[in-house]
Amino acid sequence: MLCPSCHCEQAAGNFCSICGTSFREAETNDDDAIYEVIPVAEPYGSAESAVLTRVSRNNYESKRLRGYTDYFHRIIKNPVQSLATEHDHFYYGLLSIGIYMITFALSFYFLANKIYTSMLGGLSTLFSEQGSQQALPFINFTSSIFFFVLLFVGSAIVGMYTSNLLMGKGMSLKRLIAQYGSVVLPFAGLNVLAIVFGLAGSATLTLLTAGLSLLFTISILPALFIYHHGLNQTASSRSFYWSVGTAAASMVISYLIVRIYVIEFLSQLLAAGNS
């Protein structure tokens, strides 16, 4: 399928994965289309070709960015569309999951840094052998939180994919990630709110908003996801049990991640703070 707006070609879908143009609207307007015959020009030289290639690539990237912006607004306005997203939005789904994880990690960094600068100067010894610092090292601290969230989100995706296979749904991993990323996208806004609370130094509000965001992302949303798609394949009762099982498995895996990684990380923080 060739997009009438940006001329990007894709295998299937109702919307262009680059600029978001609806193919259905384009089909209804095909009868009124006016085509222009472009004469064949002489071949460009190597210098002209290089310039045209660079301009075309920049134009392509700008259309891709504009396409994600349209996709973002469409999902925020109507999150129900997330469950109808096709595999051609796979990269948009990945980007949305990445935005969610980054905003989550930033909320904890700003909260920890606020506490550090006001009370726990000893935390600097955890990441640096140098003297006292004015702020927590951004990369080291944020990457640790990002890694934890990656484990949580990865376990949720594996759980949903496994449940889909066992139900006989057969959804591809690319389509699953495209839909899950779209569903998760609104909760990145909750993480942005947690960032604001972290900058203000409110530990209670930061942990509450970020905790609710993570709970929905790794437990409640996978259950709703499996239940929704299971209704089209199996009986309602079986879909219910599959969704509950998916949520339970995700919670067990999350508990193991907390026991193995998160508690050890917090213990290191407390030890460094006491020192």
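Here are some notes:
- For the criterion of being surrounded by 15 or more Cβ atoms within 10 Å (Cβ to Cβ) and at pLDDT 90 or above, ASN164 fails.
- Residue that is among the aromatic types (Phe, Trp, Tyr), open to solvent by 30 Å² or more (accessible area, probe 1.4 Å) and either in a helix (DSSP H, G or I) or under 28 Å from ARG74 (Cα atoms) (or both), where the choices are PHE148, PHE152, PHE187: PHE187
- Test: residue in region 244-256 that is surrounded by 16 or more Cβ atoms within 10 Å (Cβ to Cβ), assigned to a helix (DSSP H, G or I) and of a type in the set (Phe, Trp, Tyr): no
- Residue in region 114-135 that is modelled with pLDDT of 90 or more and either among the basic types (Lys, Arg) or crowded, with 17+ Cβ neighbours inside 10 Å (or both) present: no
The values are calculated or read from the model by the stated rules, or taken from the named source; none is laboratory data. Not measured: the values here are computed from a predicted model. Here the Cβ is made from the backbone with ideal geometry for all residues, glycine too, and neighbour counts use every protein chain on show. Note: accessible area is taken over every heavy atom of the protein model, side chains too, but ligands, DNA and RNA are not part of it. Shrake-Rupley method; radii C 1.70, N 1.55, O 1.52, S 1.80 Å.
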